[in-house]
Amino acid sequence: MRLDFFKNNWTRYYKRTFLLSFFIISLLCTVDQTLSNPLFFSKIESFSVFMFILSTIFFASIFCGLVSIIFLFLLSIIQ
């Protein structure tokens, strides 16, 4: 059990996962908006839809960061 590994690396691990997931989901949204029938997000036609999609991307990135923290904690317990 190496909890010092978790204590030293959790902020860096969270930031990396948050930024990577934010970039990937934003790229997915951009490609999805170029299609005539979007697959994952609604077509941006108003400011309220834009804000909803932006908040969805942001909260999905937060969720991915939290999942990575849980994974890092499990790895530090296993080692």
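Values for this structure:
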{"read-out": "Which listed residue, of 6, 22, is on the phi < 0 side of the Ramachandran plot, part of a helix (DSSP H, G or I) and in contact (Cβ under 8 Å) with a residue 60 or more places away in the chain", "value": "6"}
{"read-out": "Yes/no for residue 63 being assigned to a helix (DSSP H, G or I) and either on the phi > 0 side of the Ramachandran plot or touching a residue at least 40 places away in the same chain (Cβ under 8 Å) (or both)", "value": "no"}
{"read-out": "Among (1) part of a helix (DSSP H, G or I); (2) under 16 Å from the mean Cα position of the chain (by Cα), the one test that residue 51 misses", "value": "(2)"}
{"read-out": "Yes/no for residue 40 being outside any helix (DSSP H, G or I), under 17 Å from the mean Cα position of the chain (by Cα) and without any contact (Cβ under 8 Å) to a residue 24 or more places away in the chain", "value": "yes"}
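Here, each number is a calculation from the coordinates, and none is a lab measurement. Since we're looking at a predicted model, the values are computed, not measured. So basically every Cβ, Gly included, is an ideal-geometry build from the backbone, and we count neighbours across all protein chains shown.
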